[in-house]
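The block underneath contains the structure these notes are about, expressed in structure tokens.
The values are calculated or read from the model by the stated rules, or taken from the named source; none is laboratory data. Given the structure is predicted, the values throughout are model-derived calculations rather than measurements. Here Cβ is always computed from backbone atoms with ideal geometry, including for glycine, and neighbour counts include all displayed protein chains.
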């Protein structure tokens, strides 16, 4: 059985219960439902703060914990299936379900319903929170603290244009494994923008290329593309802003930038990831 360890909860000593009969493992675990209770937390490949980071989990994300040891939880993220290690301190009960999502790039968490109070922290675009009441212009969170209500929307509300969400993130620094408005990588930008529009997407660019949209033929002149098309290289992805310009998070600029596709294609082809492997077009939103 061919397994992608990024999204399959199996390791040498343990596997998820749903894999029983498909894989061999010394023991299996059904896991325990938990939820992220900090603004964001890094998902590591091994239980160490120095281990490589594959992605981040945001406030309110549901996770399934298969094992905990010495302050680290081996988990699978519910939204995209990614598997890795989170700090146990970042996790809490799954019983308090989010009701709203942060729609601002960032919003502060206050100890009371006033902008004059010193903030306790901040949440990033896409973080999910549980609102228990409103006081004036602020929402009281079930987990404590207050957030400006104008920076929140019900979970059922979606952005009409995921490309416009990506545009709002222009200038955000490039960060490998990043998925917040403080730092993003190429596939994190795509996943975050699509999520705001209510579209689920895998975490990595190769998985996104397999799962999203339908292929679009691209001629040698790179003509015929349109807003929202996803352009893939082997290890990179960007979003077409229009028929000619690409928006993407990249290590060359170390930021989310907009540049002509022709310019990006030549540089990427000759200096890093090789030629474009495909262009994928998402179906139009249903009326």
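Residues are listed down the side, and each one gets a yes or a no for (1) touching a helix residue (DSSP H, G or I) at 6+ places or on another chain (Cβ under 6 Å); (2) surrounded by fewer than 16 Cβ atoms within 10 Å (Cβ to Cβ); (3) assigned to a loop (DSSP other than H, G, I, E, B):
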site: 8; (1), (2), (3): no, no, yes
site: 18; (1), (2), (3): no, yes, no
site: 35; (1), (2), (3): no, no, no
site: 38; (1), (2), (3): yes, no, yes
site: 42; (1), (2), (3): no, no, no
site: 75; (1), (2), (3): no, no, no
site: 84; (1), (2), (3): no, no, no
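How many of the residues making up region 63-94 are within 13 Å of the chain's Cα centre (by Cα) and either free of Cβ contacts under 8 Å to residues at least 24 places away in the same chain or within 19 Å of residue 143 (Cα to Cα) (or both)? Steps first, please.
Taking region 63-94 as the starting set, the residues that turn out to be within 13 Å of the chain's Cα centre (by Cα) are 77-82.
Pick out the ones that are also either free of Cβ contacts under 8 Å to residues at least 24 places away in the same chain or within 19 Å of residue 143 (Cα to Cα) (or both) and you get 78.
Matching residues across region 63-94 total 1.
Which residue out of 157, 97 is within 19 Å of residue 40 (Cα to Cα) and either surrounded by fewer than 18 Cβ atoms within 10 Å (Cβ to Cβ) or in the same structural domain as residue 58 (by TED's automatic domain parsing) (or both)? Write out each step before concluding.
On the way: 157 fails: within 19 Å of residue 40 (Cα to Cα).
Residue meeting the stated conditions: 97.
Can we say residue 50 is part of a strand (DSSP E or B), out of contact with any helix residue (DSSP H, G or I) (no Cβ under 7 Å at 6 or more places or on another chain) and over 22 Å from residue 95 (Cα atoms)?
So residue 50 fails the test.
Within region 222-242, count every residue that is over 22 Å from residue 159 (Cβ atoms), over 17 Å from the mean Cα position of the chain (by Cα) and either surrounded by 23 or more Cβ atoms within 10 Å (Cβ to Cβ) or modelled with pLDDT of 95 or more (or both). I'd like the intermediate steps shown before the answer.
Residues of region 222-242 that are over 22 Å from residue 159 (Cβ atoms), as a first pass: 222-224, 232-236.
With over 17 Å from the mean Cα position of the chain (by Cα) added as a condition, the list becomes 222-224, 232-234.
The next check asks that each one be either surrounded by 23 or more Cβ atoms within 10 Å (Cβ to Cβ) or modelled with pLDDT of 95 or more (or both); those that pass are 232-234.
Result for region 222-242: 3.
From 214, 195, 255, which residue is buried (at least 22 other Cβ atoms within 10 Å of the Cβ) and touching a residue at least 24 places away in the same chain (Cβ under 8 Å)? Give the steps one after another, and end with the answer.
Working: 214 fails: buried (at least 22 other Cβ atoms within 10 Å of the Cβ); 255 fails: buried (at least 22 other Cβ atoms within 10 Å of the Cβ).
Every option except 195 fails the conditions.
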